[in-house]
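The values are calculated or read from the model by the stated rules, or taken from the named source; none is laboratory data. This structure is a prediction, so every number in the text was calculated from the model and none was measured. With ideal geometry, Cβ positions are generated from the backbone for all residues, glycine too; neighbour counts draw on all protein chains shown. The protein model used for the area step is the full one, side chains on, heavy atoms only, and it has no ligands, DNA or RNA in it. Shrake-Rupley method; radii C 1.70, N 1.55, O 1.52, S 1.80 Å.
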Amino acid sequence: MYGGGNTFEGIKTDSIALEDPIKLSEFEARIARGEKIEPSDWMPQLYRKQLIRMIEQHANSEIIGALPEGTWITRAPGFKRKMALMAKVQDEVGHAQLLYSAAETLGKSREQMIDDLINGKSKYSNVFNYPTFTWADCCFISWLVDAGAIVNQLANLKGSYGPYCRALDRICAEESFHLKYGHHCVIHLAAGTQKQRDMFQEALNRWWPPMMHFFGPSDKISAHTEILMRWKVKMGTNDEMRNQFLDMYVPKIWELGFTIPDPNLKKNSETGKWEYTEPDWAEFKRVINGDGPCNQERLAVRRAAEARGKWVREALKTPKTAYIMPLA
Ligand code: FAQ
C-alpha cells in the first residue's frame, strides 16, 4: 500500500534528536539541493506527521469549502453564473480528492481522515465557518478567498514533498480560472447599481477579518512555520503570504471603488510591507477550534453526506450483490 509500509499510527516521536543523524543529514541535503522527497524515501517522523497534518487540513478545507458556495448554485443570478459556479464547486471537491490521495501516500487512510473531519478531530480553513448570506458573499469567496489560496499554493508547489507539489500544480491551474470568474463577478457588481455595490461592500466588511486570519497566525505565534520552512514544506511564512496577498489585491479592491474596513491598513514605503490592525487571534482560535458561526452546520452536512453515501461504498466493495437504492 501507500506510505512505504509506514503508517500514521506508526509515528512514535516528534523529536528530531531521536532520528538517525546520518539519514537526517542526507535527507536535509536532498532538500537543500531542491530534490523532491517521494513516498518510499526515508523521512524524519516529524516530516511525515507535519505533512499529513497540513495536507489533510488542506483537503478538508477544499471539501468543506465547497459548501458555502454550493448553497448558491440554485440561486446564482442567471444560467451562465449557475453553470460556472457548479463547475467551480465540482473543482473544489476534485481538489479534495487529489489532496486526500497525496496525504494517503504518507500512510493515513482516507477513511481515517474523513472520520477525523466529521468527528471534529482535524481542522479545516477558518474562512469556511462563516455564512454566505448574499450573492456578494459568494463573489467574495470566488475572488478573494481563491486569490489567497493561490498566493499560498503557488509558493508551496515549489516545496519538497513530490505528491503534494504535483497536486498543487494541478490545483493552481484550476484555481486561476476560479479567480478570473470571481473577479468578473465582483466587477459586475462594482459596475452595477448602488444596491449591488453596497451589497459587495457589506460582504467585504464582514469577510475582511476572516480573510486576514486565512494565512494563519502571525509569525510571532505560529507553531509550525519554523520546521515547515526548514524542510521546505512551506515556502513562505504566514506573514509573508499575508503581505503578498495585500500587495496584489488591496490595490485591485480600491481600484473598484470599495473600501477596506481597517483604518490602519497602509503600505509602508520604506519597508515595502503592509501595516494593518493586528487581527483578533482570540476569535481565530475560537473559530478553528469549533466555535465559529457555521462549524456545526458544516460538519453536520458532511456527516449527512457520509451517512447517505454509505450504501454506495458498500456496493463498490461487493459489486456482484444486487442493491436497491434508497429513495429517501
Ligand atoms: N484555518 O503553526 P501555524 C482554499 C492552525 S484552501 C484553520 O501557523 P501552519 C481553496 C494550524 O493548523 C485553504 N486553522 O500552522 C478554496 C495550527 O493548528 P494545529 C486552505 C489554521 O500549518 C477556495 C495552528 O493554527 N489552504 O481555500 C489556519 O504552519 C475557495 C497554528 O498555525 C491550505 O490548507 C486557518 N486559516 O500554517 C476552496 C494550504 N491557519 O494543526 C473553496 C496549506 C493556521 O497545530 C473555495 N496549508 N491554522 O492544531 C498551509 O499553508 C498552512 O497549513 C497554513 C497554516 C498557512 C494554513
Self-check item: Members of segment 198-240 that are within 14 Å of the ligand (Cβ to nearest atom), assigned to a helix (DSSP H, G or I), under 20 Å from Asp146 (Cβ atoms) and aliphatic (A, V, I, L, M)
Solution: Met211, Met212
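Conditions tested, residue by residue: (1) more than 8 Å from the ligand (Cβ to nearest atom); (2) farther than 18 Å from Glu92 by Cα; (3) surrounded by fewer than 23 Cβ atoms within 10 Å (Cβ to Cβ).
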residue: Trp135; (1), (2), (3): yes, yes, yes
residue: Trp143; (1), (2), (3): yes, no, no
residue: Gly162; (1), (2), (3): yes, yes, yes
residue: Glu174; (1), (2), (3): yes, no, yes
Practice problem: Can you run down the residue pairs with Cβ atoms below 7 Å, 6 or more apart or on separate chains, where the first is in segment 72-94 and under 14 Å from Ile141 (Cα atoms) and away from the ligand (no atom under 14 Å from the Cβ) and the partner is open to solvent by 50 Å² or more (accessible area, probe 1.4 Å) and at pLDDT 95 or above? | Solution: Ala76/Lys82
Practice problem: Find all pairs meeting these conditions: Cβ atoms under 8 angstrom apart; at least six residues apart or on different chains; first residue within segment 122-150 and more than 13 Å from Tyr249 (Cα to Cα); second residue within 7 Å of the ligand (Cβ to nearest atom) and of a type in the set (S, T, N, Q). | Solution: Ser122/Gln57; Lys123/Gln57; Tyr124/Gln57; Tyr124/Ser61; Ser125/Gln57; Ser125/Ser61; Phe128/Ser61
Quiz item: Taking Thr237 and the conditions (1) polar (S, T, N, Q); (2) over 30 Å from Leu24 (Cβ atoms); (3) in contact with a helix residue (DSSP H, G or I) (Cβ under 8 Å, 6 or more places away or on another chain), which numbered condition does it fall short on, given that it satisfies the others?
Solution: (2)
Quiz item: So Met235 fits all but one of (1) within 18 Å of Asn126 (Cβ to Cβ); (2) touching a residue at least 24 places away in the same chain (Cβ under 8 Å); what number is the exception?
Solution: (1)
Quiz item: Cβ-Cβ below 6 Å, separation at least six or inter-chain, first residue in segment 151-178 and touching a residue at least 24 places away in the same chain (Cβ under 8 Å), second open to solvent by less than 40 Å² (accessible area, probe 1.4 Å) and away from the ligand (no atom under 13 Å from the Cβ): which pairs?
Solution: Ser160/Ile31; Ser160/Ile37; Tyr161/Ile37; Pro163/Thr105
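Checking the conditions here, which among Lys195, Lys180, Lys121 is part of a loop (DSSP other than H, G, I, E, B) and among the basic types (Lys, Arg)? First the steps, then the outcome.
On the way: Lys195 fails: part of a loop (DSSP other than H, G, I, E, B); Lys180 fails: part of a loop (DSSP other than H, G, I, E, B).
Going through Lys195, Lys180, Lys121 in turn, just one is part of a loop (DSSP other than H, G, I, E, B) and among the basic types (Lys, Arg): Lys121.
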